[in-house]
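Each value in this text was obtained by applying a stated rule to the coordinates, not by laboratory testing. What you see is a predicted model, and the numbers here were worked out from it, not measured in a lab. A quick note on method: Cβ atoms are made from the backbone with ideal geometry, for glycine too, and the neighbour counts reach across all protein chains shown.
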Amino acid sequence: MNKTTLNALALFPLQLETHYAAIPQEFRHWAPPSWDGVPSEPFTAIEQICHVRDIEIDGYQERFRRTLHEEHPLLPSIDSETLAVERDYARADADEVLSAFHEARARTVAMISALGKGDLSRTAEFEGYGVVTLRSLVHYLCSHDQQHLAGLQWLLGKIEAVRAAAVIPAKAGNHRSVASE
């Protein structure tokens, strides 16, 4: 596996933690009125980190294990919204979630680092993706990580827009539209 991808995977837990910490405490369970344009699943900040933890453990670690030990297995997608409800993401403790994720990612990186060229070439059928190799699954995991950093940044953008709207409403009525002139 290339070092760029391995390094990105290894550094991601710290990035996730710092991106989550940037969300103001009072907005960690907040949902915007619209999820249009969200680059990740439409989850609140706490739900984002729970999702990342669960996809690491129940998704990618399981997919890697099955691809290594089964002959061209069918790897199902995970219904993230159902999982969020079943596991009650809204009531999760962020410190516990982040700690569990740090541990899980360390196991994932150790496992990937030990793989040989033949292991990385093993194939599977990934629901929604088609035929994949173990190497491509590693890249999809790295891509998934980046989607959730983007999701947290997107939430920060929405939070700042809500904050600005709360400060500016009195001025909004004073602006004239160029089209009405």
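Worth pointing out:
- Coil-residue trypsin sites (Lys or Arg not before Pro) of segment 72-114, DSSP, other Cβ within 10 Å capped at 16: ARG87
- Debye log10 I(q)/I(0) at q = 0.11, 0.18, 0.20 Å⁻¹ for segment 3-180, Cα point scatterers: -0.54, -1.17, -1.36
- Simple spin-label estimate for TRP35 and GLU62 in nanometres, 7 Å along Cα-Cβ: 2.0
- Segment 20-63 and segment 88-153 have Cα centres separated by 15 Å.
- Using a Förster distance of 25 Å, the FRET efficiency for ARG107-ASP79 (Cβ separation, nearest 0.05): 0.55
- With contacts taken as Cα pairs under 8 Å at a separation of at least 6 residues, segment 1-100 carries a relative contact order of 31 percent.
- Amide H contacts of LEU75 (H built 1.01 Å from N, in plane; Pro and chain starts excluded): GLU125, PHE126, GLU127 sit under 5 Å, all sequence-distant by 5 or more or on other chains.
- Chain lengthening between GLU127 and GLU70 when straightened (0.36 nm per residue, less Cα-Cα): 18.9 nm
- Net dipole in debye of the chain [+1 Lys, Arg Cβ; -1 Asp, Glu Cβ; about Cα centre; nearest 20]: 620
- Using the Cβ-Cβ distance between ARG91 and ALA22 with R0 set to 25 Å, the FRET efficiency from 1/(1 + (r/R0)^6) comes to roughly 0.70.
- Highest-fluctuation residue, THR108, THR82, THR18 considered, GNM on the chain with Cα pairs under 10 Å: THR82
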